[in-house]
Amino acid sequence: MTRRPDGRRADQLRPVEIIRGYTRFAPGSVLIRTGDTHVLCTASFEEGVPEWLAGKGQGWITAEYDMLPGSTVERRPRSRTKLDGRTQEIQRLIGRCMRAVVDRSALGENSIWLDCDVLQADGGTRTAAITGAYVALCDAVEWGRRQGRIAGQPIREAVAAASVGIVGGRTLLDLTYDEDAAAEVDMNVAMTTSGRFVEVQGTGEGAAFSRQALERMLDLAARGIRRLLAAQARALQTERRPR
C-alpha cells in the first residue's frame with residue numbers, strides 16, 4: 001500500500017492532542033494539535049443574548065475564527081476591519097456545529113462565545129477548530145453550571161469534524177495543506193456522536209465526482225470522526241492542565 005508523504009495510510013488521522021485549560025481566564029480553553037495544525041479554542045460565558053433573541057428563554061452560541069499572522073509560511077495580515085469571505089464562512093460553520101448539539105433553552109438567556117485562533121496551519125484548520133471548540137464548550141458549560149447560571153445539562157451529544165478528499169485518484173482522510181492543494185475533490189464533514197451529519201461541504205476542484213465517490217468519502221470521514229469523538233471523550237475525562 002502506497003504511503004502518503006508523511007507516512008500515513010489513506011485512512012489514518014494525523015496525531016491528535018487535545019489540551020484542556022490551556023489559558024488561565026476563559027472558562028473553556030483548549031489547544032488542539034492535529035499534526036502540524038494547531039488551534040487555540042476558548043469559550044467565554046456572557047450574561048444576556050442578542051437583542052433579537054431577548055425574552056425568548058433561549059441562550060446563544062456563536063464563534064469567531066481567525067488565523068494569526070505567523071500561522072502560515074507567508075505572513076497573513078490581521079483582519080482588523082472587514083472579514084474575508086472564508087473567515088466568515090468558517091466561523092458561521094463552527095457556530096452552527098455547536099448549536100446543533102445544544103438545547104439552547106437549557107442555557108437560559110446566556111451567550112457563549114467561541115474564539116478559534118489558528119496558531120499554525122497545515123490544512124484542516126476549520127475541522128480542528130470544530131473538534132477543539134466542542135471540548136472548550138463543554139468546560140464553559142460546566143463552569144456555568146457550577147456558578148448556578150445554567151440548570152441541567154444543555155449539551156445533548158458531541159460533535160467533531162474531519163477533512164477528506166481525492167488526491168491523485170486516492171480517497172484520503174485528514175488532508176495536509178499540500179494534499180488539499182493538489183486535491184481533485186475536497187470535503188469537510190461534521191458529525192455527531194449519534195452519526196448524524198451537521199455539515200457536509202464538498203467541492204470538485206478539478207472535475208465532477210460520482211455519487212459512489214461521495215459515499216466513499218463520507219464513510220471514510222465518519223470513521224475518522226468517530227476516532228476524534230473518542231479523543232474528545234478521553235480529554236474530557238482527564239484533569240485540566242494546572243493553571
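Just so it is clear, none of the values below were taken in a lab; they were calculated from the coordinates. Please read these numbers as outputs of a predicted model, since none were measured by experiment. When we count neighbours, we look across all protein chains shown, and the Cβ atoms used for this are built from the backbone with ideal geometry, even at glycine.
Loop-resident trypsin sites (Lys or Arg not before Pro) (DSSP state other than H, G, I, E or B) in the range 133-163 with no more than 14 further Cβ atoms inside 10 Å of their Cβ: Arg156.
Note: relative contact order over the chain, using C-alpha pairs below 8 Å and six or more positions apart, is 22 percent.
Applying a DSSP loop filter and a limit of 14 other Cβ atoms within 10 Å to the chymotrypsin sites (Phe, Trp or Tyr not before Pro) in the range 87-185 leaves nothing.
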